[in-house]
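Worksheet: one structure, shown below.
Coordinate-derived values only; no laboratory data. Computed from a predicted structure; not experimentally measured. When we count neighbours, we look across all protein chains shown, and the Cβ atoms used for this are built from the backbone with ideal geometry, even at glycine.
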Amino acid sequence: METGYKGNNNIIEVDYVTKIYRIGKIEVKALRGANLKISKGEFVAIMGPSGSGKSTLMNIIGCLDTPTSGTYLLDGLDVSRLNDNQLAEVRNKRIGFVFQTFNLLSRSDTVHNVELPLIYASAEVARNRKEKITESIKSVGLTGWERHRPSELSGGERQRVAIARALVNDPTIILADEPTGNLDSVTGEEIMAIFQKLNSEGKTILLVTHELDIARHASRVIYLRDGIIFKEEKIDNPISAQEMLQKMPKLEDRLN
């Protein structure tokens, strides 16, 4: 099944992509011919059971892996045959990653965690480093928490740091893998509010989740099963995280 919109506005084009992992004489077919198109500025959620191919598809889209066959165009660039160094350059320039487990450096404060992608960036990208870090931290509401280490932050605050780190290179795409999986419902909505704000500002968001209510914050949901995209659903009225937060109890009410 081919998903997505027709036209020249696609930032992601995955065409008949397969991925086969070989363990000795055993072949594991993680993807069996995925076809997916995502337009610039879309907010897309990917769902599917464990082993459905979600992580493999995200790894290929995120240039962390290459397909066994098929092609992947990222903003018109064929990245499906790039070598490791070329993939790393594309990742650092065009893609921001947000993970369920935050992946922060425990001994580093907020500033140094957010700064990390700039250390590996070219001189041109890393120019105005201080301003980029300050703006990224401000965009996720963590001004004043610059010198706090992860152990001094709540789960939601740590995820905000991870999002700021993903934003610091001003990528065109944000890939989020279960970003609310370790958070309570209120904090999860706060994180989804940030993603929706970023999307409204033009960022393309691709989010993997097991939770249907989280997926329905997106404008489209892609369903995987057995390495195949078998269904998609257009969400005409995505859940507004800001509206949900207004209906939820405040922190002080939850503690009483």
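Rounded to the nearest 20 debye, the dipole magnitude of the stretch 13-125 is 500 debye, with +1 charges on Lys and Arg beta carbons, -1 on Asp and Glu beta carbons, and the Cα centre as origin. The C-alpha atoms of the chain define a longest principal axis, and helix 185-200 lies at about 70 degrees to it.
Multiply the residue gap between Glu233 and Gln246 by 0.36 nm, knock off their C-alpha separation, and tell me the result in nm, one decimal place.
Length difference between fully extended and current span is 2.0 nm.
Under a model in which nothing but the beta-carbon of Lys, Arg (+1) and Asp, Glu (-1) is charged, the stretch 168-238 shows a dipole of about 280 debye around its Cα centre.
How large is the charge dipole for the stretch 45-198, taken about the Cα centre, if only the Cβ atoms of Lys, Arg (+1) and Asp, Glu (-1) carry charge, to the nearest 20 debye? Present the calculation step by step, with values, prior to reporting the outcome.
Values: 17 positive and 19 negative charges, 58 e Å.
Computed about the Cα centre, the dipole is about 280 debye.
For the charge dipole of the chain, defined by +1 on Lys and Arg C-beta atoms and -1 on Asp and Glu C-beta atoms about the Cα centroid, which residue among Tyr21, Gly51, Gln246 has the Cα displaced farthest towards the positive pole? The one lying farthest along the dipole's positive direction is Tyr21.
From its DSSP helices (H runs of at least four residues, each -39,500 (n - 2.57)), the chain gives a residue-normalised ellipticity at 222 nm of -10000 deg cm²/dmol. Neighbours of Asp75 by Cβ distance under 9 Å: Lys/Arg scored +1, Asp/Glu scored -1, total +2. Once Rg and the Kirkwood radius are both taken over the C-alpha atoms of the stretch 1-82, their ratio Rg/Rh works out to 0.97.
Which trypsin sites (Lys or Arg not before Pro) in the stretch 130-211 pass both tests, a DSSP loop state and at most 16 other beta-carbon atoms within 10 Å? The partial results should precede the final answer.
On the way: sites: Lys130, Lys132, Lys138, Arg147, Arg158, Arg160, Arg165, Lys197, Lys203; in loops: Arg147, Lys203.
In loop regions of the stretch 130-211 (DSSP not H, G, I, E or B), the sparsely surrounded trypsin sites (Lys or Arg not before Pro) are Arg147.
When the chymotrypsin sites (Phe, Trp or Tyr not before Pro) in the stretch 87-158 are filtered for DSSP coil states and for at most 16 other beta-carbon atoms within 10 Å of their beta-carbon, the remaining sites are Tyr120. Of the peptides 215-221, 83-89, 225-231, the order by per-residue mean of other Cβ atoms within 10 Å, starting with the highest, comes out as 215-221, 225-231, 83-89.
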